[in-house]
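Chemist: Can you keep this structure in mind? I'll have questions shortly.
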Amino acid sequence: MKMSSKARYGLYVAVELAKSYRQQNIVTVASLAQSTGVTEKYLEQIIALMKKADIVRSIRGAGGGYKLTDNPENITVGQILRAVEDNLEIVDCLHKDCAGKCNCVSHNLWAKLYENINNYLDTISLTQLAEDRV
């Protein structure tokens with residue numbers, strides 16, 4: 001399994017926002033683009049997914065930008081990755097009818113793997129990731 005660039009950059013954005021959280025700073029997409037080396041347009045797409053999942057909120061107007069909706073201690077890496085990675089489903093048949101896509105033996109394997117990955121990612125807070133305590 002390989003994470004997409006959306007997952008990597010989503011975590012980069014979340015870490016930058018976590019670092020700014022305590023100072024209550026609002027972070028512009030331009031500064032996020034500069035710190036990540038990613039285009040503003042691509043970051044806006046990723047941030048939109050994080051907004052939809054209620055992880056990030058936007059502040060409009062002069063001095064506007066983005067900030068986390070909650071304390072980074074309460075946001076998990078799993079929440080971020082599920083928001084930007086189509087729920088982290090490792091195979092198409094996990095939450096859909098399996099008929100014709102896989103057999104039951106492999107379905108159970110993928111389901112357990114999915115559960116273990118999500119459980120692990122939900123033990124790591126954004127604060128831990130930002131402070132490199134993983």
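The values are calculated or read from the model by the stated rules, or taken from the named source; none is laboratory data. Keep in mind the model is a prediction, meaning the values are calculated, not measured. When we count neighbours, we look across all protein chains shown, and the Cβ atoms used for this are built from the backbone with ideal geometry, even at glycine. Side chains are part of the model used for accessible areas, which takes the heavy atoms of the whole protein and leaves out ligands, DNA and RNA. Shrake-Rupley method; radii C 1.70, N 1.55, O 1.52, S 1.80 Å.
Chemist: Scan region 35-51 for residues that are open to solvent by 80 Å² or more (accessible area, probe 1.4 Å) and over 19 Å from ALA62 (Cβ atoms) and report the count.
Modeler: So the answer is 4.
Chemist: I've got another one for you. Give the residue that is nearest to VAL91 (Cα to Cα), with candidates limited to residues of region 10-19 that are open to solvent by 20 Å² or more (accessible area, probe 1.4 Å) and either free of Cβ contacts under 8 Å to residues at least 60 places away in the same chain or among the polar types (S, T, N, Q) (or both).
Modeler: TYR12
Chemist: Applying the selection to region 93-129, what residues are among the aliphatic types (A, V, I, L, M), surrounded by 15 or more Cβ atoms within 10 Å (Cβ to Cβ), at pLDDT below 90 and assigned to a helix (DSSP H, G or I)?
Modeler: The one that is among the aliphatic types (A, V, I, L, M), surrounded by 15 or more Cβ atoms within 10 Å (Cβ to Cβ), at pLDDT below 90 and assigned to a helix (DSSP H, G or I): ALA111.
Chemist: Scan region 82-92 for residues that are touching a residue at least 40 places away in the same chain (Cβ under 8 Å), open to solvent by 10 Å² or more (accessible area, probe 1.4 Å), closer than 22 Å to SER58 by Cα and of a type outside the set (Asp, Glu) and report the count.
Modeler: 1
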